[in-house]
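Before any comments, here is the structure.
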Amino acid sequence: MGIFGNAFGFPHLVVILLVLLVWALAVWALVITIRDPKLSTAVKVIWGILLLVFPYFSLIIWAIDRFVRLNRRDRDY
C-alpha cells in the first residue's frame, strides 16, 4: 500500500501524465504562436486564449492550422 492507500493507482498516474502532456504541448504551441512574426497580435491573443482555456480541442485545431499555413508558405516561394 502506498502513501495514498488504495485511492491512487497506475490508471490515475497515466491520466495525470496525459493531462500534463497536453498542458505542456499547449504551452509549447503558445510559445511557437507568440514567436511567429507573420501573425498579428489579435490572432496571437485569440490562440493564447483558446490554447489555455480549451487545450485539448484547440491543440488539434492549432496543429491543422499550423500545417496548412506552413504548406501554404512553402508553395508561395
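Figures for the structure shown
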{"quantity": "Count of residues meeting criterion [assigned to a helix (DSSP H, G or I), free of Cβ contacts under 8 Å to residues at least 24 places away in the same chain and either more than 23 Å from L18 (Cβ to Cβ) or of a type outside the set (V, I, T) (or both)] in segment 29-48", "calculated": "11"}
{"quantity": "Top-ranked residue of segment 55-65 - restricted to ones that are hydrophobic (A, V, I, L, M, F, W, C) and loosely packed, with under 13 Cβ neighbours inside 10 Å, ranked as farthest from the chain's Cα centre (by Cα)", "calculated": "I64"}
{"quantity": "Neighbours by Cβ (under 7 Å, 6+ apart or cross-chain): first from segment 6-28, within 10 Å of P55 (Cα to Cα); second among the charged types (D, E, K, R) and surrounded by 10 or more Cβ atoms within 10 Å (Cβ to Cβ)", "calculated": "none"}
{"quantity": "The one condition in (1) at pLDDT below 90; (2) part of a helix (DSSP H, G or I) that V14 fails to fulfil", "calculated": "(1)"}
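The values are calculated or read from the model by the stated rules, or taken from the named source; none is laboratory data. Predicted model, so just to flag it, every value in this text is computed and none were measured. So basically every Cβ, Gly included, is an ideal-geometry build from the backbone, and we count neighbours across all protein chains shown.
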